[in-house]
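> Before I ask anything, here is the structure I am working with.
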Amino acid sequence: MAKSFYHIGFGADDLSDPRPTLAFLSGDPDRAHMIAATHFSDVVKLSEHRGLNSYVGWLPNGRRAISATSGMGAPSLSIVVNELVQVGVRTIIRIGTCGSIQEHVLPGSVVITKAALCRQGAAEDIAPTEYPASGDPFVTVALAAAAHKLHVTAHVGITASVDTFYEGQERTESANPILLRRMQGITAEYRALNVLNYEMESGTLFKMGNVYGFAAGCVCAVIAQRTASEQVVMDAKDAAVDAAIRVALEAAQDLA
Ligand code: URA
């Protein structure tokens, strides 16, 4: 019987030849669907299971690709990525959202993560704390070149990849009445260390890429500006997400 992986809901036998080796990975299942519906041709649904929706189709350059969902945060991402690699994926581009912690990184722009400050529990199960959470250099350069070509405002740099949206990103306007001492002032410290943004998946993705031997990249839409507010800037979200998707798709055209 054909093997279907428990979480992603499909297996290698669901992928006819030529087998796709490239996957776009979104936190949001609707984004995974939208990428396939808007940018792939001859789309086939692989699975819509546990919110981890996956589709396969063709890019304009004649290459097959998967658009899959990681879910929110590193534990869910680690499961999906492990299973995607088992079905033959060798390049993963995360298309996410993030909050800027620098004055000059504005909502509506994108951040291309070259490396992550990885403060994630899931990654501790995969590699030592000190292990590099670095993106694949070729994917990162392809993302930067794509942003340049498309005239998308992009910032290439270091991302703080953490486990929580509220406490870990030093949000005080939340249900939690107490922010641990070690979180207080952490955003200013990261800002001084030239960290550009907060998000919740790239650190573990990059460590997995380096351990498993696949190429990982990450482009995130900036949807919050933490120097101004803790809130998401909803007005900027759609355009920023669209820019991040276009950058990832364009980069994929040039990746071997
Ligand atoms: N995603 C995050 O992790 N943080 C933000 O502020 C926005 C999106």
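The values are calculated or read from the model by the stated rules, or taken from the named source; none is laboratory data. Since the model is a prediction, treat every value here as computed from it, not as a measurement. Here Cβ is always computed from backbone atoms with ideal geometry, including for glycine, and neighbour counts include all displayed protein chains.
> Restricting to the range 53-77, what's the tally of residues that are touching a Leu at 6+ places or on another chain (Cβ under 9 Å) and within 22 Å of VAL195 (Cβ to Cβ)?
3
> If only one of THR113, THR159, THR140 is within 21 Å of ASN82 (Cβ to Cβ) and within 15 Å of the chain's Cα centre (by Cα), which one is it?
THR113 is the lone residue from the list that is within 21 Å of ASN82 (Cβ to Cβ) and within 15 Å of the chain's Cα centre (by Cα).
> Scanning the range 136-170 for residues that are charged (D, E, K, R) and within 16 Å of the ligand (Cβ to nearest atom), which turns out nearest to SER76 (Cα to Cα)?
ASP163
> Another one. Find the residue count for the range 22-47, including only residues that are closer than 10 Å to ALA65 by Cα and crowded, with 20+ Cβ neighbours inside 10 Å.
Residues meeting the conditions: 4.
This table checks each residue for (1) of a type in the set (Lys, Arg); (2) more than 16 Å from the ligand (Cβ to nearest atom); (3) within 20 Å of ALA244 (Cα to Cα).
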{"residue": "TYR6", "(1), (2), (3)": "no, yes, no"}
{"residue": "GLY11", "(1), (2), (3)": "no, yes, no"}
{"residue": "PRO20", "(1), (2), (3)": "no, yes, no"}
{"residue": "LYS45", "(1), (2), (3)": "yes, yes, no"}
{"residue": "SER70", "(1), (2), (3)": "no, no, yes"}
{"residue": "ILE79", "(1), (2), (3)": "no, yes, no"}
{"residue": "GLY96", "(1), (2), (3)": "no, no, yes"}
{"residue": "ILE101", "(1), (2), (3)": "no, no, yes"}
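> Taking TYR55 and the conditions (1) aromatic (Phe, Trp, Tyr); (2) farther than 26 Å from ALA239 by Cα; (3) crowded, with 19+ Cβ neighbours inside 10 Å, which numbered condition does it fall short on, given that it satisfies the others?
(2)
> Which numbered condition trips up ALA133, out of (1) among the aliphatic types (A, V, I, L, M); (2) away from the ligand (no atom under 12 Å from the Cβ); (3) free of Cβ contacts under 8 Å to residues at least 60 places away in the same chain?
Result: ALA133 passes all but (3).
> May I ask you to list the residues in the range 54-76 that are over 17 Å from GLY11 (Cα atoms), part of a loop (DSSP other than H, G, I, E, B) and out of contact with any Pro (no Cβ under 9 Å at 6 or more places or on another chain)?
LEU59, PRO60, ASN61, GLY62, MET72, GLY73
> How many residues does the range 221-256 hold that are within 11 Å of the ligand (Cβ to nearest atom), part of a helix (DSSP H, G or I) and among the basic types (Lys, Arg)?
Total satisfying the criteria: 1.
> What's the total number of residues in the range 179-206 that are buried (at least 16 other Cβ atoms within 10 Å of the Cβ), acidic (Asp, Glu) and either away from the ligand (no atom under 14 Å from the Cβ) or farther than 16 Å from ALA224 by Cα (or both)?
Within the range 179-206, residues that are buried (at least 16 other Cβ atoms within 10 Å of the Cβ), acidic (Asp, Glu) and either away from the ligand (no atom under 14 Å from the Cβ) or farther than 16 Å from ALA224 by Cα (or both) number 1.
> How about the range 225-246: which of its residues are farther than 15 Å from SER67 by Cβ, buried (at least 18 other Cβ atoms within 10 Å of the Cβ) and among the hydrophobic types (A, V, I, L, M, F, W, C)?
Those that are farther than 15 Å from SER67 by Cβ, buried (at least 18 other Cβ atoms within 10 Å of the Cβ) and among the hydrophobic types (A, V, I, L, M, F, W, C): VAL233, ALA236, ALA240, ALA243.
> Cβ-Cβ below 7 Å, separation at least six or inter-chain, first residue in the range 68-84 and under 15 Å from ILE126 (Cα atoms), second aliphatic (A, V, I, L, M) and in a helix (DSSP H, G or I): which pairs?
Between residues of the range 68-84 that are under 15 Å from ILE126 (Cα atoms) and residues that are aliphatic (A, V, I, L, M) and in a helix (DSSP H, G or I), the close pairs are ALA74/ALA122; ALA74/ALA123; PRO75/ALA122; LEU77/LEU205; SER78/ALA122; SER78/MET208; VAL81/LEU205; VAL81/MET208.
> For the range 106-141, which residues satisfy the criterion of being hydrophobic (A, V, I, L, M, F, W, C) and buried (at least 22 other Cβ atoms within 10 Å of the Cβ)?
Answer for the range 106-141, where residues must be hydrophobic (A, V, I, L, M, F, W, C) and buried (at least 22 other Cβ atoms within 10 Å of the Cβ): VAL110, VAL111, ILE112, ALA116, CYS118, ALA123, ALA133, VAL139.
> Regarding the range 211-220, can at least one residue be identified that is touching a strand residue (DSSP E or B) at 6+ places or on another chain (Cβ under 8 Å), within 10 Å of the ligand (Cβ to nearest atom), in a strand (DSSP E or B) and at pLDDT 95 or above?
yes
Listed here are the residues, each with its yes/no results for (1) in contact (Cβ under 8 Å) with a residue 40 or more places away in the chain; (2) of a type outside the set (A, V, I, L, M).
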residue: PHE5; (1), (2): yes, yes
residue: LEU25; (1), (2): yes, no
residue: LYS45; (1), (2): no, yes
residue: GLY62; (1), (2): no, yes
residue: GLY96; (1), (2): yes, yes
residue: VAL111; (1), (2): yes, no
